[in-house]
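First up is the structure itself, then whatever we jot down about it.
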Amino acid sequence: DPSAAAALASTSGREEEEGGERPRVGIIMGSDSDLPTMRAAAEVLRDFGIAAEVTVVSAHRTPDRMLDYARSAHSRGINVIIAGAGGAAHLPGMVAALTPLPVIGVPVRPAGAHLDGLDALLSIVQMPRGVPVATVAIGNAANAGLLAARMLAAYDPALLQKMLEYQEGMRTTVLAKAERLES
Ligand code: RP5
């Protein structure tokens, strides 16, 4: 899909331009067709001011690239990897096998998929003991971004403060809605 590919290039370019910082989160996906889902993770991280890189790495179609990416991520300064894939979603688990970094898996529901993303969810969540992948709900890349932000915030007081403010924002939004409903 050429438009998704263009969006992918501009997302990763923008991240580099904006902060000029080295990326701390690697957002990877099995195909550019996963971008409409995975974009939410990049947006959350941008809102928290966390530099991220975005690219396509396929366990099945580019296995050598997956090996290189996963083995080198920690020495390049990446702290957390978010990996999304649909169908036989082996990318997050294989990357977790190859890196010491925390890996967050996003089950993607490809357009027109027969199993509605359940195949990807089960492929990602059922990891054997010793090789953890933190799996979010089908299609919920925003939560993957938030989880990565929380991991980094645990060691970063300024980021922790932003997370508290984000939570407070949710609380006040919900309370305002409840009040409107009750009135
Ligand atoms: C998976 O196959 C990808 O992660 C994607 O969700 C799915 C379909 O890929 P395309 O055929 O659209 O490239 O590997």
note = Quick note, region 78-134: a/c under 1.5 would make it rounded; otherwise a/b > b/c is prolate and the rest oblate (a ≥ b ≥ c, C-alpha gyration tensor); here it is prolate
ask   = Near the amide H of Gly84, under 5 Å away, which other amide H atoms are found, from residues 5 or more places off or on another chain, if H is placed in the peptide plane?
value = Ile28, Met29, Gly30, Val106
Ranked packing of 172-178, 73-79, most packed first, by mean Cβ within 10 Å = 73-79, 172-178
ask   = Looking at the chain, do any whole DSSP H helices span at least 15 angstrom along their long axis by alpha carbon and average -1.0 or above on Kyte-Doolittle, and which?
value = 2-19, 35-47, 141-153, 157-182
remark   = FRET efficiency for Ala178 and Arg150 from the Cβ-Cβ distance with R0 = 25 Å, rounded to 0.05, comes out at 0.45
task = Give the relative contact order (percent, whole number) for region 69-159; include only Cα pairs under 8 Å separated by 6+ residues.
result = 27
Alpha carbon centroid spacing (whole Å) that separates region 129-153 from region 34-67 = 13
note = Calculated from DSSP helices alone, with each H run of at least 4 adding -39500 (n - 2.57) and the total divided by the residues of the chain, [θ]222 nm to the nearest 500 comes to -17000 deg cm²/dmol
request  = Obtain the radius of gyration and the Kirkwood radius of the chain from its C-alpha atoms and give Rg over Rh.
outcome  = 1.00
message = For Cα pairs less than 8 Å apart in space and 6+ apart in sequence, what is the mean separation divided by the residue count of the chain, i.e. the relative contact order in percent?
response = 20
request  = Could you order peptides 36-43, 153-160 by the average number of other Cβ atoms within 10 Å of their residues, highest first?
outcome  = 36-43, 153-160
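Throughout, read-outs are computed from the coordinates displayed, never taken from laboratory work. Treat the numbers as computed from the prediction; the structure is a model and nothing was measured. Quick reminder, even Gly has a Cβ in these numbers, built from the backbone with ideal geometry, and neighbours come from all protein chains shown.
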